[in-house]
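To start, the structure under review is shown below, and the notes come after it.
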Amino acid sequence: MNIEENLEKKVQVYARPNGPIIIDGDFTFEDEDGNIVKQKRMSLCRCGASRKMPHCDGSHNRVNFKS
């Protein structure tokens, strides 16, 4: 993929009301083991109660998280 093609693919980051931070688009990240992983969507915890940190596991519903 050349630079022009890469610039056309936008990544969006937004917070869902009373829920996680959502990352949408084609992106890569480095996991806790140092591996580079390609993703299209990721949900990150904002409530602090997830058992799969930093990823959201829906615990915001259980703890009645309000943003």
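Coordinate-derived values only; no laboratory data. Owing to the predicted nature of the structure, the values given are computational and were not obtained by experimental measurement. FYI the Cβ positions are ideal-geometry reconstructions off the backbone, even for glycines, and counts take in every protein chain you see.
Tabulated results
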item	result
Considering residues of the range 40-53 that are in a loop (DSSP other than H, G, I, E, B) and surrounded by 13 or more Cβ atoms within 10 Å (Cβ to Cβ) only, the residue nearest to the chain's Cα centre (by Cα)	Cys45
Within the range 24-39, tally of residues that are surrounded by 11 or more Cβ atoms within 10 Å (Cβ to Cβ) and within 12 Å of the chain's Cα centre (by Cα)	6
Every residue from the range 30-54 that is within 14 Å of Val13 (Cα to Cα) and either acidic (Asp, Glu) or out of contact with any Pro (no Cβ under 8 Å at 6 or more places or on another chain) (or both)	Gln39, Lys40, Arg41, Met42
